[in-house]
Amino acid sequence: MNKTELAAHIAEQYGIEPDSPWADSPEYKVFRHGGSKKWFALIMTIPAKKLGLSGGALDVVNLKCDPMLVGSLTRERGVFPAWHMNKTHWITVALDGSADSELTKMLLDASFTLTAPERKQSKGSNV
């Protein structure tokens, strides 16, 4: 899966278009929940060496992750400890075809759920 395919999947799955909050990096795309504006995905291009890889630029996505799963997920091909974010709660997934597309979609769904606004119970509700 590449960054164009991932952005299209997010638009189709969640109806969310990205924004580019940094004037000096307009290619960085942030995907947020509508009401809370919490991030669930950040697509960017970084030097491969930042992830301990050789080569030039690498497209990646940062996704929120259950801290209990980070260690095992980073053993998967194309999944790394988060670059430039909290490594306990975020992971980085390469968008160069090395990470499994279905795993990437699953991790995206998990990130979307983990960052979703909390639903408040109405008073008197037992649910």
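The values are calculated or read from the model by the stated rules, or taken from the named source; none is laboratory data. Just so it is clear, the model here is predicted, and its values are computed rather than measured. Every residue, glycine as well, gets a Cβ built from its backbone with ideal geometry; the counts of neighbours run over all protein chains shown.
Worth pointing out:
- Qualifying residue in the stretch 25-46 (condition: touching a residue at least 60 places away in the same chain (Cβ under 8 Å) and farther than 22 Å from residue 86 by Cβ): yes
- Residue ID - surrounded by the fewest Cβ atoms within 10 Å (Cβ to Cβ), chosen from residues in the stretch 20-50 that are among the charged types (D, E, K, R) and within 14 Å of the chain's Cα centre (by Cα): 38
- Residue within the stretch 58-70 that is in contact with a helix residue (DSSP H, G or I) (Cβ under 6 Å, 6 or more places away or on another chain) and loosely packed, with under 15 Cβ neighbours inside 10 Å present: no
- Restricting the stretch 71-101 to residues that are free of Cβ contacts under 8 Å to residues at least 12 places away in the same chain and farther than 18 Å from residue 115 by Cβ leaves a set whose member that is surrounded by the most Cβ atoms within 10 Å (Cβ to Cβ) is 81.
- Count of the stretch 90-115 residues which are closer than 19 Å to residue 55 by Cα and either under 10 Å from the mean Cα position of the chain (by Cα) or in a helix (DSSP H, G or I) (or both): 2
- Evaluation of residue 49 against the conditions (1) touching a Cys at 6+ places or on another chain (Cβ under 7 Å); (2) in a helix (DSSP H, G or I) shows that the sole unmet condition is (1).
- Taking the conditions (1) of a type outside the set (Asp, Glu); (2) within 13 Å of the chain's Cα centre (by Cα); (3) in a helix (DSSP H, G or I); (4) at pLDDT below 95 in turn, residue 87 satisfies each one other than (3).
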